Every structure is written in C-alpha cells, then in structure tokens.
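One structure is given here, and the rest of the page talks about it.
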There are 2 protein chains.
Amino acid sequence: MAKAPLPVSPLAPKGGFPELPRIDGVRFASGAAGVRYQNRTDVMLVEICAGASVAGVFTRSSTRSAPVLDCERKLAALTESSDQGFGIVVNSGNSNAFTGRAGDQTVEAVTAEAGRVLGIPAAHVFSASTGVIGEPFAPEKITHILAELAGKLDADGADGAARAIMTTDTFPKGATETLTLSGHEVKIAGFAKGSGMIAPDMATMLAYVFTDAAISRAALQSMLSQATKRSFNAVTVDSDTSTSDSLMVAATGKAGNPQIADLDSTDAKAFYAALEAVLKDLALQLVRDGEGATKLIEVQVTGAANDADADRVARAIANSPLVKTAAAGEDPNWGRVVMAVGKSGAVADRDRLTIKFGDILVAENGWVSPDYREEQGAAYMKQQELRIAVDMGLGMGAATVWTCDLTHGYISINADYRS
Amino acid sequence: MAKAPLPVSPLAPKGGFPELPRIDGVRFASGAAGVRYQNRTDVMLVEICAGASVAGVFTRSSTRSAPVLDCERKLAALTESSDQGFGIVVNSGNSNAFTGRAGDQTVEAVTAEAGRVLGIPAAHVFSASTGVIGEPFAPEKITHILAELAGKLDADGADGAARAIMTTDTFPKGATETLTLSGHEVKIAGFAKGSGMIAPDMATMLAYVFTDAAISRAALQSMLSQATKRSFNAVTVDSDTSTSDSLMVAATGKAGNPQIADLDSTDAKAFYAALEAVLKDLALQLVRDGEGATKLIEVQVTGAANDADADRVARAIANSPLVKTAAAGEDPNWGRVVMAVGKSGAVADRDRLTIKFGDILVAENGWVSPDYREEQGAAYMKQQELRIAVDMGLGMGAATVWTCDLTHGYISINADYRS
C-alpha cells in the first residue's frame, strides 16, 4: 500500500473544494482509524438534529453491502417525525460487502456505538463503507475512534468529512446552492466520493447532502428519487455498478420556511431545482474524477422513438470502450459512435441519423456530411470537455449521459489496486 | 499509417496457422489492392463449385454495413440447389459501413465484377468489408484487381486468404476437423479475422468455413445458427459489436457422403459436433488475439435460475472493465466478480454464491472461504489461461463465455487506430 498518491485529475473543478455554508443542525467530525490506509483520515461521523427529515437512495445490486441493507431497513422503518436526532458513520478502506453474516454484525456494532456516542438509538444511525470488497471487517476497526469523533463534532467539518470518505478519488467533491423559500433563506450543501466502479445504476459512490429547509420526509424522498435519475444515474465511468452506492439527504428544518409537503407548490419546485443542481454538480464531479479521465464527455441523444431508447443509445455510446479510447486519443472517430448506436438495441434507421461533435455536423442521412472535414473534428477533439450529439430522426425521445474517456490511467489504477 | 506492426499476441496458438486440408470444390486467391494498407494483401476472392450449399449468420446491429445487408438479401433469395457456383469477395482497410446509398452501389459494383470474373451471377457473390467505418469506398479500390485474382485461384490458397482479411489481428486464425460420415471422409476447414470490437452479438469478425460434406442448405443454416451461439456469440473482447460481422459456411458435397438433411440423423450429429468444434476453435482464437490481451479467461456460470440468467451473469463478469483489469494485474480480486454478479440483473442470493478461480474455492456462503489464502489466488492468476467459475446455487441455468484481460495494449491500439 505504499503507492504514490495519484495526481489530481486534470478535469477537477478549477476553484478546488467549494466553501460549503454551515447547515444549522448538522455537525461533522473525521479522523484516522487506520482501517487500511496510513497517514490519512478514513472515518467520518455526522450528527443531525432531532426533527430532521432524512431520505436515501441506494444501489440495486443483488450483492449489495451489509451497510446498504441496513440503511434500507432503517429508512423503511422511520416514521414521519421524531424527537430524536440522526447519525451517519462512514469509513473508507473496506466496503464490508460480501462479508456474510459477520458483515451484518459489524454494521450492528458500529451503528450501536455511533448511536451511543451521539445519544440516539442505533435505528437512527445510517452507515456506509467503501473500499475493497470481500475482506472481513471487524467493528473494532472503527468503533475505537467514535467517542473521540463525537467529542470534536463541528458545524464547519464538512470539508474534512468529504476527505475522510475518499478512496481512489483525486480530489474531494462538494457543491452548494442557496435559495429563498417564502422569504426564508435556505441552504443546501453536500459532498460525494467516487471515481471507479461508476455506472448506470448509481455508482461506486457515496454522497451526503444537507439542507436547513423544512420539508416532509415523504416529499424529500420523492424529490431525491427523481433528481437521482437526472444526476447520479446519468453518469458512467466504466459501466461497473458498485455494491455500496448510497446517497442520503437530511433536511433539518432550521431555516424556518413553511414546511414543504406538496410537491406541486412553488416552494417545492424551487427547492427541487436547487437540489437537482447540487446533485448534478456532485455527479459530474465524479465523472471529472473518473479513474484516469482526461476528457469529460456529454452524450446527448434526441429524436429517439422514446425516452427509454434514447437512454439505451446514450449509454451504449458512453460505455463503449472504443468510443472512450477514441476520445482519449483525440480521434474524431464518429464511426465508433455509429457502431454504438447500432449495438444499443434501440430502433434506428441509418439514413435518418445525425451526428454532431459539439456544433460540428459530422454525419447525416446515413453518411458523412458533405461539408465535414476531418481537420474540424480533430481540432474539436482536443478540447477537454466534449459533446457528442446524436439525433435519431424518429421521435421525441431524449436522454443525456455523462462519461469520461478511457486511458492508460484507468488500466494503471485498476490493474494494481489491491497490490 | 506508418505504424510499427503489433507484436504477435502472447496467447497465439503455439503451432502457428494450422495446415488446412484442401476442400474439393473451393479455390482461393488473395492480392494487394492498396485499399488502405501498404505492402500487404487486402483482398481475397473465393470460388465455390456449382451445387454447393451456403449458409450465413450476420451482425444484428441496426447500423450494419452495406455488404452485410447485401448478403442477407442474397441468402434469403437462394433456392435449395443451383447449377451455378458461388463467390466470396472480402477486403480489409475499409468497412463500407455508414456510407449511405453510395456504399450500396459499391457492393453492387464489386459483386458484379466478381461475378463476371468467376462466370457466375452477382446474386451468387457474397461480400464483406472490414476496417474503418464511415469512409467513402469507391468500388474501383478493389475491382481493378479481381480479374488478376481470378487468374490465380488455388485450392491451397486458404492461408493467403486468411492473411488478406486481417486488420488489427496479430496472427491469422485457422481451424480444421476431419470426420467420417457413412464411410466417407469429410473435411471442414475455416479461417477468421477479428481482434477488437468483439462483442456479445457476433463480433468485428469475419469467418469463412468450407467443407466437402454433402448437406442441404436448410440443414447447414440451422446447424450454423445453433453452433454460432456456443462459439462466436459466446466470446467478448470489449463488449462492442461490429457493423460488419459475417460468418459463412459453404459445403461443396464433393466428399460423396449421403446428403445430410435430417438434423436428427447420426451423420448430422457427427457433422454438427465437428462444425461446432471448428467454430469454437476460431472464436477462441479471436479472444486469443483480443486487442492487448495477455490472458484468456473462461467464465463459467452454473446453478443460475435459468440459462438466460446464467448468460447475463457470465457476460457481466466477462465485460466488466474492473474484472478484466484485475486479470491484467494478476490480482485475485474476487470482490469484483461479486460486484459483476450483483450488477448483472440476474436473480442472485449472496449467501448461496460460490466462486472458484480454477479449482481453488475462493468464496462460498456469502463470504470468503475459510480455507482460501490470498497467496493461492495470486499464484493462480499468474497463469496465462484462467477460469472464473460462479455457482449461483439457485437452479440449473448454465452458460460459458470467453474473454481476455484489459491492458495498456488495448488503450494504445484503440486510442490511435486512425491516426
């Protein structure tokens, strides 16, 4: 494990980790428990005030991890309001996935200890673990540090928490929005981790978002599920789906706005838009930190027979190793886009397809565009952010998916992760 | 295009290209037309005697190439017997895919000229093109050489033909079987090309198989379709499906065996077994020449709820970039196998899964096996040929898929193919 740290992705946001506002009712702590890594933090603890609403979405993998199964059960058992607060405990270095019954017991012990140090029931403590799959994970690996973390909880600790949950990430990922709801200023702030095993159905990713908005748990869960489709579920680094994906949102209600319960209200729509913006920002940062990534690629499909077909085409393009290596090589190889459309399984008519790289019309009517010149495409591909647009010419179906290129960096990182 | 030739794959068959027997009724020629490559052959012409049965299977891509569309139409229009022979003309260097109406006209002109030089109708000439997608392809690029090729047709020319159709292949691929049907010796000999864009639904691959067996066209087509499922459709290099995949078989009937028409006859079963063996040999050679491959990986799934689920799991493992990079790094990272099972969409129960690397029991009952030691797995992964076996513990569904590892070589080849 004495590997040199990976260089920061060239696609990292220029400004670095954003300054996240304090969210009234939420405090963070992080520390180095020594789960696997040396000389870095690897556990975060979050305390959320009583009366908060919490919501979550998780990987649908049939081999999902013990913490994910535990979170699902606890969320399902929650009633709308509670006079007790919530806790979140997350470690990096071991995913506690495929660890059998012992893995379940570890989650029980860890969340019990976190509940004890926070003074809340274990049923209110959500956990996540990220790292290597299938290694035994004794609870003592992290329980020994929880009391210490509880003693240093800090409303300004989000930055440190975001760093503690990183694995192969090359930069911590944060995003924030501020809006006004019925005259009350409301803040949303979140952070995420993830860089490999990022795929259609969630991602190897953990994301935690906090807001001081007052919103019912049902409304929050509904908004979260919807916004996930357009953000985390629309990014793919390598088509591999993690066993640990978890995205949770907690709303403390401290902003004082009238509680949002009706999804059709003006406040609900405004809050949804801001929530989706934060999630999309975080999701794109995952792609920007895609293992080995040097290009951010937006794949936009329009004119498909229906939305499902558009999504199928967009993912076929975004997951194609040949499209992704062409991007890495700055090769305007639109033939590989045609190939991906063809293999997607969506209804397609060669002679109605239109393909653009950015604003450059590359192909139309089943053939290369008469005005297209290879030099144009080659110049376009040198950009760091690319857009591949495909119009199927058939109907109104549309979808957008984000991905990154496939480079030697991906191979180096993943052919050598455990050694 | 002044790139150094790729080194021969370390997985290439040790004996080199096999000595293919003459197939009575079939002659081959190859030559250098200069389609794209310099200093190498790039066109093959095959002449098949009158009375032969021909059969074919092709890519199902919705953006399939002009030659594929033409072959499909011509095969569908054939009647059982014919007093005129057949021809096959194939070029490398340009795939004539996504080339619009002009591409169709090129196929028409090429097959017409091939028919003229062979003295048969164009309706009996099948063609294929492999290489870059989307580049205009004038028929003159190859028609100029066809008369010359017709003049040097040779029953021993299969080796040269196999070389003329290569693209990124690092070795030519051939296979042969001999069997006795009702006292008559029957030979099957074939060759194939393909190395990248190899995927579930056929592959970027061309394969031509010849036999002197007497067999009806209907029986031959039926056997070919069945055997394709267990050979070419069970290999995957990079999950990308070509627009040009074509596999054709021609049976000349010169062996003198009683014609096979009943699929349940003893002769039919013997012939099917030999045909499947040739196709499987060729298909595995494609994987052995997978772009950048250093390991051949057999993924064997048993105990699934049904065959379709088994296939889903096997392909999820075989196409996972994380499983494939782990193999490249000789990392016994069975957690990634668990991940792939989980994302496959197949019914799975963590606590019933069994995973083996070769004969080594790695995981069972939802956890790492108590007897497994990491050193065993690490030693196993150093082998050139690996077997990953997953038993789902649920039912009788089974499937086997072959793939290769994902290495720096794949990136180098594909990030730079057109430049």
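Under the condition of being without any contact (Cβ under 8 Å) to a residue 12 or more places away in the chain and within 20 Å of A:Phe98 (Cα to Cα), which residue from segment B:327-341 is farthest from the other protein chains (Cβ to nearest Cβ)? Only one residue fits best here, namely B:Asn333. Being over 26 Å from B:Ala255 (Cα atoms) and over 19 Å from the mean Cα position of the chain (by Cα), is that true of even one residue in segment B:77-92? There is at least one residue in segment B:77-92 that is over 26 Å from B:Ala255 (Cα atoms) and over 19 Å from the mean Cα position of the chain (by Cα). Just so you know, in segment B:37-51 the residues that are touching a helix residue (DSSP H, G or I) at 6+ places or on another chain (Cβ under 9 Å) and buried (at least 18 other Cβ atoms within 10 Å of the Cβ) include one that is nearest to the other protein chains (Cβ to nearest Cβ), and it is B:Asp42. Number of residues in segment B:353-368 that are surrounded by fewer than 16 Cβ atoms within 10 Å (Cβ to Cβ) and within 11 Å of another protein chain (Cβ to nearest Cβ) equals 1.
Table: residues versus (1) within 30 Å of A:Asn333 (Cα to Cα); (2) of a type in the set (Val, Ile, Thr); (3) touching a helix residue (DSSP H, G or I) at 6+ places or on another chain (Cβ under 8 Å).
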{"residue": "B:Gly366", "(1), (2), (3)": "no, no, yes"}
{"residue": "B:Gln384", "(1), (2), (3)": "no, no, no"}
{"residue": "B:Thr403", "(1), (2), (3)": "yes, yes, yes"}
{"residue": "B:Ile411", "(1), (2), (3)": "yes, yes, yes"}
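Taking the listed residues B:Thr325, B:Thr302, B:Thr294, the one that is at pLDDT below 95 and more than 22 Å from the chain's Cα centre (by Cα) is B:Thr325, with no other qualifying. All conditions but one from (1) within 18 Å of A:Ala314 (Cα to Cα); (2) among the acidic types (Asp, Glu); (3) in contact with a helix residue (DSSP H, G or I) (Cβ under 8 Å, 6 or more places away or on another chain) apply to A:Asp351; the one that does not is (1).
When you check A:Val278 against the structure, is it of a type in the set (A, V, I, L, M, F, W, C), surrounded by 22 or more Cβ atoms within 10 Å (Cβ to Cβ) and within 14 Å of A:Phe232 (Cα to Cα), yes or no? Against the criterion (of a type in the set (A, V, I, L, M, F, W, C), surrounded by 22 or more Cβ atoms within 10 Å (Cβ to Cβ) and within 14 Å of A:Phe232 (Cα to Cα)), A:Val278 qualifies. Of the numbered conditions (1) within 14 Å of chain B (Cβ to nearest Cβ); (2) farther than 23 Å from A:Pro172 by Cβ; (3) not in a loop (DSSP other than H, G, I, E, B), A:Thr111 fails exactly one; give the number of that condition. Evaluating A:Thr111 over (1) within 14 Å of chain B (Cβ to nearest Cβ); (2) farther than 23 Å from A:Pro172 by Cβ; (3) not in a loop (DSSP other than H, G, I, E, B) leaves (1) as the failure.
Restricting B:Ala293, B:Ala314, B:Ala270 to those that are surrounded by fewer than 24 Cβ atoms within 10 Å (Cβ to Cβ), in contact (Cβ under 8 Å) with a residue 12 or more places away in the chain and either among the acidic types (Asp, Glu) or more than 10 Å from chain A (Cβ to nearest Cβ) (or both) reduces the list to B:Ala270.
The number of residues in segment A:53-105 that are among the small types (Gly, Ala, Ser) and within 14 Å of chain B (Cβ to nearest Cβ) comes to 10.
The residues of segment A:171-200 that are at pLDDT below 85 and in contact with an Asp or Glu (Cβ under 8 Å, 6 or more places away or on another chain), listed by number, are A:Gly194, A:Ser195, A:Gly196, A:Met197, A:Ile198, A:Ala199.
Let me confirm something: among B:Thr180, B:Thr211, B:Thr130, which residue is within 22 Å of the chain's Cα centre (by Cα), of a type in the set (Val, Ile, Thr) and over 30 Å from A:Ile355 (Cβ atoms)? Unique residue meeting the criteria: B:Thr211.
The values are calculated or read from the model by the stated rules, or taken from the named source; none is laboratory data. These numbers come from a predicted model, not from an experiment. Every residue, glycine among them, receives a Cβ derived from its backbone with ideal geometry; neighbour counts consider all protein chains shown.
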